[in-house]
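Colleague: The structure is given below, and queries will be raised subsequently.
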Amino acid sequence: MSTTKSNVNVKIETRVKEQAVELLARMGIDQTTAIDMFYRQIITLGRLPFTPIAVPSLDERLATAIEQSGIPIVELDVDEKGHIIVDKDLHPEIYDWMVNG
C-alpha cells in the first residue's frame with residue numbers, strides 16, 4: 001500500500017526552532033516525525049493535544065502586580081488640563097512618589 005506524502009511549510013522563530021530541534025534530537029526524534037506525531041494526536045483526540053491559554057494583556061498583568069503589591073488603589077482628581085492632583089495630606093505616599101520618584 002502506497003501512502004502519498006505532503007509538505008508542511010511553516011515560519012517559526014529561529015530560537016524556538018533551534019531549542020525544539022535540540023530537545024527532539026535528545027529524544028531521538030527528528031522534526032518531521034515530531035510534526036507527524038503532533039498531527040496524529042490531533043486526529044486521535046479530535047482536538048489539540050494540549051489546552052491553549054490566553055496570555056494576559058499588559059493591563060491584566062499590571063492590575064495583578066498592583067493587587068499583589070498591596071499598593072492601595074485610590075481615585076485621584078485631575079485639573080482641566082488632565083494633570084493629576086494629589087493631596088499630600090490625604091495620600092502622602094503617592095505625593096512622595098510623584099515628587100521624588
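Bear in mind these aren't lab numbers, they're just calculated from the coordinates by the rules spelled out. Note that the coordinates shown come from a computational prediction; the quantities given were computed from them, not determined experimentally. A quick note on method: Cβ atoms are made from the backbone with ideal geometry, for glycine too, and the neighbour counts reach across all protein chains shown.
Colleague: For the range 91-97, take each phi angle, set θ = phi - 60°, evaluate the Karplus expression 6.51 cos²θ - 1.76 cosθ + 1.60, and give the result in whole Hz per residue in order, putting x for glycine and proline.
Modeller: Using θ = phi - 60°, the values come out as 10, x, 5, 6, 4, 4, 5 Hz.
Colleague: log10 I(q)/I(0), Debye, Cα-only the chain, no solvent, q = 0.10, 0.12, 0.17 Å⁻¹?
Modeller: -0.61, -0.69, -0.99
Colleague: Quick one: length gained pulling HIS83 to ASN9 fully straight, 0.36 nm per residue minus the C-alpha distance?
Modeller: That works out to 21.4 nm of additional length.
Colleague: Turning to a different aspect of this structure: Sequence neighbours fewer than 8 away in the same chain don't count; with that in mind, list the lysines whose C-alpha is under 25 Å from LYS5.
Modeller: LYS17
Colleague: Starting from the Cα-Cα distance between GLU18 and GLN68, subtract it from 0.36 nm times their residue separation and give me the gain in nm to one decimal.
Modeller: 14.4 nm
Colleague: Per-residue ellipticity at 222 nm for the chain, helices alone: DSSP H runs ≥ 4 residues times -39500 (n - 2.57), over residue total, nearest 500 deg cm²/dmol?
Modeller: Counting only the DSSP helices, I get -15000 deg cm²/dmol.
Colleague: Once the piece of chain linking THR51 and MET98 is laid out straight, how much longer is it, given 0.36 nm per residue of separation minus the C-alpha distance between them?
Modeller: 12.6 nm
Colleague: Let me ask you something else. Each label point is 7 Å from the Cα along the Cα-to-Cβ direction; what then is the distance between the points at ASP59 and GLN41, in nm?
Modeller: So the label points at ASP59 and GLN41 sit 3.4 nm apart.
Colleague: Would you work out if the range 58-100 is rounded, prolate or oblate? Take a ≥ b ≥ c from the square roots of the eigenvalues of the alpha-carbon gyration tensor; rounded if a/c is under 1.5, else prolate when a/b is larger than b/c, oblate otherwise.
Modeller: Oblate is the answer for the range 58-100, as a/c is 1.5 or above yet b/c matches or exceeds a/b.
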